[in-house]
Amino acid sequence: MNPFSVVIPTWKNLEYLDLCYRGLTRNSAVPHETIIFFNEFDKSCEEWTRGKNILSCLSEKNTGVCPAVNRAAELATTDFICYMNDDMYPLPGWDTALAGYIGLADKLWLSGTAIEPGNSTPCYIGNRNYGDSPSVFEEEKLLNEYRTLIRPYNVVSTWTPVLLSRKDWEAVGGFDEEFFPGFGSDPDLAMKMHSYGCRHFIGVGNSLVYHFAKRTTARFSGPETMDPREYFKNKWGISWKKFFKKVIHRNSIISPVLLDKTL
């Protein structure tokens, strides 16, 4: 398979970022182009980057998720952009599973499937706790057990990690930077893709990441520039709840997975 450009925004989250980077380097089928945007870049961030095979960009203040991802994506040199959260640990086969669907349609949204300690949903594998922080993360146990968690089906999903072709990403203009700190930006990007003609939003059941969940957003206490739900509705003439439920039918089972023989 060809490498992706994996774009990761981060904000004072080096412990989680370090684990995410380790998962990428340890568990990816090929060396992906890793691009990290550091919000509130400081000495500790500078020290962390040393000796790592990454591209990076930075801001001395917190720009939020959307400008961070957009600026990082501008550095991408591969044909596909993968947006991943810094509190995710990608598991073996995460990338080959996504790559198996490339070419299915001219316009395509691919999502991985997250494993989380919380409740299970059609898009998330829940009730699986391998640790709530990197310091207690049961990495080897998860690596021994993740195959038993693979879902044999795909669902309609718009959750992170997201893989889009760079052509599609550039055509829709990436994230709307009015969303700050980032709440609502994922539904908006999905609506952009739908308006652009994308009709395939596939949550791939055997592309797995462990997600510590909300390790950045839970720390945000600053003012927002707008009500993201109201902004979305004014922009598109529909609520994102109705868009997901009535237009793209998120959470619906759509097909069996293409099982990679290397798993």
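Summary table below
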{"quantity": "Residue match in region 38-48 (condition: touching a residue at least 12 places away in the same chain (Cβ under 8 Å) and either of a type in the set (Ser, Thr, Tyr) or within 24 Å of Val257 (Cα to Cα) (or both))", "calculated": "yes"}
{"quantity": "Total residues in region 178-191, condition modelled with pLDDT of 95 or more and either of a type in the set (Asp, Glu) or surrounded by fewer than 20 Cβ atoms within 10 Å (Cβ to Cβ) (or both)", "calculated": "2"}
{"quantity": "Every residue from region 34-48 that is more than 16 Å from the chain's Cα centre (by Cα) and either surrounded by 14 or more Cβ atoms within 10 Å (Cβ to Cβ) or more than 15 Å from Tyr16 (Cα to Cα) (or both)", "calculated": "Phe38, Asn39, Glu40, Phe41, Asp42, Lys43, Cys45, Glu46, Glu47, Trp48"}
{"quantity": "Wholly within region 1-107, helices (runs of 4 or more DSSP H) carrying at least 1 residues that are of a type in the set (A, V, I, L, M, F, W, C) and farther than 30 Å from Gly197 by Cα", "calculated": "14-27, 43-49"}
{"quantity": "Breaking point among (1) out of contact with any Cys (no Cβ under 8 Å at 6 or more places or on another chain); (2) over 19 Å from Trp109 (Cα atoms); (3) hydrophobic (A, V, I, L, M, F, W, C), for Met191", "calculated": "(2)"}
{"quantity": "Which numbered condition Leu55 misses (of (1) surrounded by 14 or more Cβ atoms within 10 Å (Cβ to Cβ); (2) within 21 Å of Pro90 (Cβ to Cβ); (3) in contact (Cβ under 8 Å) with a residue 24 or more places away in the chain; (4) of a type in the set (A, V, I, L, M, F, W, C))", "calculated": "(3)"}
{"quantity": "Condition check for Thr113: assigned to a strand (DSSP E or B) and under 16 Å from the mean Cα position of the chain (by Cα)", "calculated": "yes"}
{"quantity": "Residue within region 2-19 that is more than 18 Å from the chain's Cα centre (by Cα), modelled with pLDDT of 95 or more and small (Gly, Ala, Ser) present", "calculated": "no"}
{"quantity": "Count of residues meeting criterion [farther than 14 Å from Pro134 by Cβ and touching a residue at least 40 places away in the same chain (Cβ under 8 Å)] in region 13-35", "calculated": "8"}
{"quantity": "Sole exception among (1) of a type in the set (Asp, Glu); (2) within 20 Å of Val6 (Cβ to Cβ); (3) without any contact (Cβ under 8 Å) to a residue 24 or more places away in the chain for Glu140, by number", "calculated": "(2)"}
{"quantity": "Total residues in region 206-248, condition modelled with pLDDT of 95 or more, loosely packed, with under 13 Cβ neighbours inside 10 Å and in a loop (DSSP other than H, G, I, E, B)", "calculated": "1"}
{"quantity": "Near pairs, Cβ below 6 angstrom, 6+ apart or cross-chain, from region 105-117 (β-branched (Val, Ile, Thr)) to any residue that is part of a loop (DSSP other than H, G, I, E, B)", "calculated": "Ile115/Arg128"}
{"quantity": "Test: residue in region 118-127 that is touching an Asp or Glu at 6+ places or on another chain (Cβ under 9 Å) and not in a loop (DSSP other than H, G, I, E, B)", "calculated": "yes"}
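Okay, residues lined up against (1) under 30 Å from Pro67 (Cα atoms); (2) touching a Cys at 6+ places or on another chain (Cβ under 8 Å); (3) free of Cβ contacts under 8 Å to residues at least 60 places away in the same chain:
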residue: Ile81; (1), (2), (3): yes, no, no
residue: Pro90; (1), (2), (3): yes, yes, no
residue: Leu98; (1), (2), (3): yes, yes, no
residue: Asn127; (1), (2), (3): no, no, yes
residue: Tyr146; (1), (2), (3): no, no, no
residue: Arg151; (1), (2), (3): no, no, no
residue: Thr158; (1), (2), (3): yes, no, no
residue: Pro161; (1), (2), (3): yes, yes, no
residue: Glu170; (1), (2), (3): yes, no, yes
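Each row is one residue, and each column tells you yes or no for (1) touching a Gly at 6+ places or on another chain (Cβ under 6 Å); (2) more than 18 Å from Ser255 (Cα to Cα); (3) at pLDDT 95 or above.
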{"residue": "Pro117", "(1), (2), (3)": "no, yes, no"}
{"residue": "Ile125", "(1), (2), (3)": "no, no, yes"}
{"residue": "Glu139", "(1), (2), (3)": "no, yes, yes"}
{"residue": "Asn144", "(1), (2), (3)": "no, yes, yes"}
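The values are calculated or read from the model by the stated rules, or taken from the named source; none is laboratory data. Because the structure is predicted, anything quoted here is derived from the model rather than measured. Neighbour counts are summed over all protein chains in view; Cβ atoms, including those assigned to glycine, are modelled from backbone coordinates with ideal geometry.
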